[in-house]
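Written below as structure tokens is the structure these notes are about.
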Amino acid sequence: MESPIVFQGSEKAQRIQAMFAGIAPTYDQLNHWLSLNIDKRWRRAAVQEVADALARPGAQALDVCCGTADLAIELGRLVPTVGVDFCQPMLKRGMEKVRQSGHPVTLLAGDALALPFADASFDAVTVAFGIRNVVDLDGALAEMHRVLKPGGKVAILEFSHPVVPGLKQLFGLYFTQILPRIGNAISGSGYAYSYLPESVQHFPSQSALAAHMRQAGFENVRWRNLSGGIAALHTGLKPVVACS
Ligand SMILES: C[S@@+](CC[C@H](N)C(=O)[O-])C[C@H]1O[C@@H](n2cnc3c(N)ncnc32)[C@H](O)[C@@H]1O
């Protein structure tokens, strides 16, 4: 846990890592307050999406960019789960929660761009609100595809682009004007909660992310909008005969 993490490392990745280290103490609380607890429902939806792939005997799940382990713990209710993140303070808080949960979850320090697992290790791979922060989207998708078993399922939960007229403007106002003020003040970060709406704005649309997933080799790529597209849940399968 305390060994340094080797990045495929840009300065940007190190800034992201430092940003999450700074907000780790207030991360969970702010997540739940600022989303009115809807984030919990979204994560449960992600687990439901991969539940079929985890029904096989001996199945195992991987949660990439696991942060404080909320999604990993939900997956751990079903099968033994590994969570990976490159930010030690986030993992440390996650480990306390894992211990309290009693679920079979192991948390490891690691980079989403160089996952420390052999090819075809997991039946399902998930990532929640993490892939937007990885400096190389296609690199992260390639790694998730690599460690997934043929026939396994990926689920990507991420903030997205609202599709409901009216909601787009209303949520935009909240997300860019109100949330950053509250988030930065409570977390003590000068920028983490200003970076959040900016990073979502630059993140691919629902259909564009699906195209990146197909490009990475996933098939049957689908998405559903959650809360009118404030978030989106993308899923895909690794073909049984995979071109890796
Ligand atoms: C917004 S948090 C999401 C945490 C958690 N998945 C959740 O649902 O609350 C994003 C996480 O991605 C992690 N992260 C960003 N880039 C990463 C990378 N290249 N490798 C591993 N973790 C990364 C950060 O350290 C942070 O914990």
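The values are calculated or read from the model by the stated rules, or taken from the named source; none is laboratory data. Note that this is a predicted model, so its numbers are computed, not measured. Positions of Cβ are backbone-derived with ideal geometry, glycine not excepted, and every protein chain shown enters the neighbour counts. Areas reflect the complete protein model, heavy atoms only, side chains present, ligands, DNA and RNA absent. Shrake-Rupley method; radii C 1.70, N 1.55, O 1.52, S 1.80 Å.
Counting only residues that are in contact with a helix residue (DSSP H, G or I) (Cβ under 8 Å, 6 or more places away or on another chain), of a type outside the set (Ser, Thr, Tyr) and either more than 10 Å from the ligand (Cβ to nearest atom) or open to solvent by 10 Å² or more (accessible area, probe 1.4 Å) (or both), region 91-107 holds 8 of them.
Conditions first: (1) under 15 Å from LEU34 (Cα atoms); (2) out of contact with any Gly (no Cβ under 7 Å at 6 or more places or on another chain). GLY236 passes all but one, so which condition is the exception? Going through (1) under 15 Å from LEU34 (Cα atoms); (2) out of contact with any Gly (no Cβ under 7 Å at 6 or more places or on another chain) one by one, GLY236 breaks only (1). In the set ALA72, ALA55, only one residue is loosely packed, with under 15 Cβ neighbours inside 10 Å and either closer than 18 Å to ASP123 by Cβ or near the ligand (Cβ under 10 Å from one of its atoms) (or both); that residue is ALA55. If you go through region 150-174 and keep only what is aromatic (Phe, Trp, Tyr) and either on the phi > 0 side of the Ramachandran plot or over 19 Å from the mean Cα position of the chain (by Cα) (or both), you end up with PHE171, TYR174. VAL50 falls short on exactly one of the conditions (1) within 13 Å of the ligand (Cβ to nearest atom); (2) crowded, with 22+ Cβ neighbours inside 10 Å, and that condition is (1).
Applying the set (1) open to solvent by 10 Å² or more (accessible area, probe 1.4 Å); (2) in contact with a strand residue (DSSP E or B) (Cβ under 7 Å, 6 or more places away or on another chain) to LEU196 leaves exactly one unmet item: (2). Residues in region 203-244 that are in a loop (DSSP other than H, G, I, E, B) and touching a strand residue (DSSP E or B) at 6+ places or on another chain (Cβ under 6 Å): PHE218, LYS238, PRO239, VAL240, ALA242. Of all residues in region 115-148, how many are in a strand (DSSP E or B) and either within 8 Å of the ligand (Cβ to nearest atom) or of a type outside the set (Asp, Glu) (or both)? Of the residues in region 115-148, 7 are in a strand (DSSP E or B) and either within 8 Å of the ligand (Cβ to nearest atom) or of a type outside the set (Asp, Glu) (or both).
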